[in-house]
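Accompanying notes for the structure given below.
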Amino acid sequence: KNEVEQSPQNLTAQEGEFITINCSYSVGISALHWLQQHPGGGIVSLFMLSSGKKKHGRLIATINIQEKHSSLHITASHPRDSAVYICAAYYNTDKLIFGTGTRLQVFP
Amino acid sequence: DVKVTQSSRYLVKRTGEKVFLECVQDMDHENMFWYRQDPGLGLRLIYFSYDVKMKEKGDIPEGYSVSREKKERFSLILESASTNQTSMYLCASSFSGTGGSMNTEAFFGQGTRLTVV
């Protein structure tokens with residue numbers, strides 16, 4: 001069955017800490033999305049990747065095809081990074097399979 | 001700036017009412033999606049449309065229908081709202097790819113929080 005699993009479910013951090021959120025999936029994905037959802041509901045696409053690593057500001061996403069694993073890293077975390085982070089995968093269709101999300105709270 | 005716009009941020013409806021949730025995108029995307037999001041369950045696909053007048057059931061279509069008469073607009077219809085349809089509803093759109101290729105990045109609306117009383 002095509003699945004996406006995220007860990008941890010909840011994460012708290014102090015401002016400035018390095019944060020890692022993990023995502024594992026089944027064999028055969030064609031691409032993977034990292035999404036951010038702030039309180040209030042709107043979802044923003046952070047990254048879409050199928051191999052290697054992407055970086056945007058303090059955010060880094062990596063994917064290891066052999067291990068079926070992706071990570072989202074946040075360097076020098078800030079309270080405005082507090083949000084739900086969602087991993088989602090394409091399994092050779094145009095429809096995404098979503099993880100249940102990681103709720104991150106960064107305290108000053 | 002690309003945009004997916006949902007007609008309402010918050011809605012309160014009574015049990016048995018017919019409810020329309022509207023979604024409009026301005027990116028000329030072929031694909032449009034309706035999801036609902038509930039605590040602990042993540043996003044679940046209700047319906048998917050890959051072209052005008054075309055639709056495909058998602059994982060939880062019961063109690064819902066959809067309409068796509070124009071490429072830019074995808075409507076979700078609750079024929080007779082029930083309390084178990086209280087949820088956050090999210091619309092998304094993307095280009096049609098060859099099974100999730102890198103040009104199928106999804107763009108989401110701001111969500112509609114529907115409460116059925």
One residue from B:VAL116, B:VAL66 being touching a helix residue (DSSP H, G or I) at 6+ places or on another chain (Cβ under 7 Å) and either of a type in the set (A, V, I, L, M) or surrounded by fewer than 19 Cβ atoms within 10 Å (Cβ to Cβ) (or both): B:VAL116
Subset of the stretch A:25-35 (residues that are crowded, with 16+ Cβ neighbours inside 10 Å and either at the interface with another protein chain (Cβ under 10 Å from one of its Cβ atoms) or not hydrophobic (A, V, I, L, M, F, W, C) (or both)): A:TYR25, A:ILE29, A:SER30, A:ALA31, A:LEU32, A:HIS33, A:LEU35
Flag if A:ALA13 is at pLDDT below 95 and either assigned to a strand (DSSP E or B) or surrounded by fewer than 16 Cβ atoms within 10 Å (Cβ to Cβ) (or both): no
Any hit, the stretch B:60-78, residues being hydrophobic (A, V, I, L, M, F, W, C), within 14 Å of chain A (Cβ to nearest Cβ) and either assigned to a loop (DSSP other than H, G, I, E, B) or more than 11 Å from the chain's Cα centre (by Cα) (or both): yes
Residue, surrounded by the fewest Cβ atoms within 10 Å (Cβ to Cβ), within the stretch A:58-79, restricted to residues that are at pLDDT below 95 and not in a strand (DSSP E or B): A:GLN66
Contacts under 7 angstrom Cβ, first residue in the stretch B:1-24 being touching a residue at least 24 places away in the same chain (Cβ under 8 Å), partner among the aromatic types (Phe, Trp, Tyr) and part of a strand (DSSP E or B), 6 or more apart: B:VAL2/B:PHE107; B:VAL4/B:PHE107; B:VAL4/B:PHE108; B:LEU21/B:TYR89; B:CYS23/B:PHE74
Contacts under 9 angstrom Cβ, first residue in the stretch A:79-107 being free of Cβ contacts under 8 Å to residues at least 60 places away in the same chain, partner basic (Lys, Arg), 6 or more apart: A:SER82/A:ARG103; A:ALA83/A:ARG103; A:VAL84/A:ARG103
Positions within the stretch B:23-52 being of a type in the set (D, E, K, R), under 20 Å from B:THR5 (Cα atoms) and surrounded by fewer than 17 Cβ atoms within 10 Å (Cβ to Cβ), in sequence order: B:ASP26, B:ASP28, B:ARG44, B:ASP51
Residues of the stretch B:16-59 classified as more than 8 Å from every other protein chain (Cβ to nearest Cβ), assigned to a strand (DSSP E or B) and farther than 27 Å from A:ASN10 by Cβ, total: 16
Subset of the stretch A:36-53 that is small (Gly, Ala, Ser) and in a strand (DSSP E or B) - its residue that is farthest from the other protein chains (Cβ to nearest Cβ): A:GLY52
From B:ALA92, B:ALA81, residue being assigned to a loop (DSSP other than H, G, I, E, B), more than 7 Å from chain A (Cβ to nearest Cβ) and touching a residue at least 60 places away in the same chain (Cβ under 8 Å): B:ALA81
Search result, residues across the stretch A:80-108 that are among the β-branched types (Val, Ile, Thr), within 16 Å of the chain's Cα centre (by Cα) and either within 19 Å of A:LYS53 (Cβ to Cβ) or assigned to a loop (DSSP other than H, G, I, E, B) (or both): A:THR100
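The values are calculated or read from the model by the stated rules, or taken from the named source; none is laboratory data. Small disclaimer: the values here were computed from a predicted structure and weren't measured. Here Cβ is always computed from backbone atoms with ideal geometry, including for glycine, and neighbour counts include all displayed protein chains.
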